[in-house]
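The values are calculated or read from the model by the stated rules, or taken from the named source; none is laboratory data. Quantities reported herein were computed from a predicted structural model and do not represent experimental measurements. Here the Cβ is made from the backbone with ideal geometry for all residues, glycine too, and neighbour counts use every protein chain on show. The protein model used for the area step is the full one, side chains on, heavy atoms only, and it has no ligands, DNA or RNA in it. Shrake-Rupley method; radii C 1.70, N 1.55, O 1.52, S 1.80 Å.
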Amino acid sequence: MEILQNLHSYLAYIVLAVLTIAFVNALMGWTGKRDFTMQKDLRISLFALILSHIQLVVGLIVYFVSANGFKAIQALGMGGLNAPARLLALEHPVTNILAIAFITIGWSRHKRLMESNKKFKSIAIFYGIGLLLIMSRIPWVQWFN
């Protein structure tokens, strides 16, 4: 269990970095009116998508076997959770599931579009929303302890 929690924690740094790179790349491509290339742009976006999905799967496993996740809600009920416990048991997983959904929507939309500018726009907007959601629900206090 501890191995999975550590994997989830350390993988988060990589996911945030790659997702930020994908977002900035798409934003620069969109505003700079660049051509969307398969060698660079597609791979960066796809790598961010894959890593975020891996992080989600690891996070869901941790959620269902950890005392801080689903078991805390079962034991204490929603009213028995203090703010830090509520963050870990409810807000963090729900918000991050939504974030991954936005990232997936951005990826799916870009595949149907033909124009480079629209591809970059789709990725920039949806990956950006996903990145903001993820960053809003990271348990920062635990990260810096």
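The table below lists the values:
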{"read-out": "Top-ranked residue of the range 7-48 - restricted to ones that are among the hydroxyl-bearing types (Ser, Thr, Tyr) and open to solvent by 90 Å² or more (accessible area, probe 1.4 Å), ranked as nearest to SER122 (Cα to Cα)", "value": "THR31"}
{"read-out": "Residue selected from the range 106-135 under the condition part of a loop (DSSP other than H, G, I, E, B) and out of contact with any helix residue (DSSP H, G or I) (no Cβ under 6 Å at 6 or more places or on another chain), by the criterion least open to solvent (accessible area, probe 1.4 Å)", "value": "GLU115"}
{"read-out": "Options ILE138, ILE103; residue that is assigned to a loop (DSSP other than H, G, I, E, B) and open to solvent by less than 20 Å² (accessible area, probe 1.4 Å)", "value": "ILE138"}
{"read-out": "Subset of the range 23-61 [more than 30 Å from GLU2 (Cβ to Cβ) and either aromatic (Phe, Trp, Tyr) or not in a helix (DSSP H, G or I) (or both)]", "value": "PHE23, TRP30, GLY32, LYS33, ARG34, ASP35, PHE36, THR37"}
{"read-out": "The lone exception for VAL62 - which of (1) of a type in the set (A, V, I, L, M); (2) closer than 20 Å to PHE120 by Cβ; (3) in contact (Cβ under 8 Å) with a residue 24 or more places away in the chain it fails", "value": "(2)"}
{"read-out": "Among residues of the range 66-86, those that are of a type in the set (A, V, I, L, M, F, W, C) and either open to solvent by 70 Å² or more (accessible area, probe 1.4 Å) or in contact with a strand residue (DSSP E or B) (Cβ under 6 Å, 6 or more places away or on another chain) (or both), counted", "value": "5"}
{"read-out": "Residue within the range 100-114 that is over 16 Å from the mean Cα position of the chain (by Cα) and in contact (Cβ under 8 Å) with a residue 24 or more places away in the chain present", "value": "yes"}
{"read-out": "Within the range 36-56, tally of residues that are closer than 14 Å to HIS92 by Cα and among the aliphatic types (A, V, I, L, M)", "value": "1"}
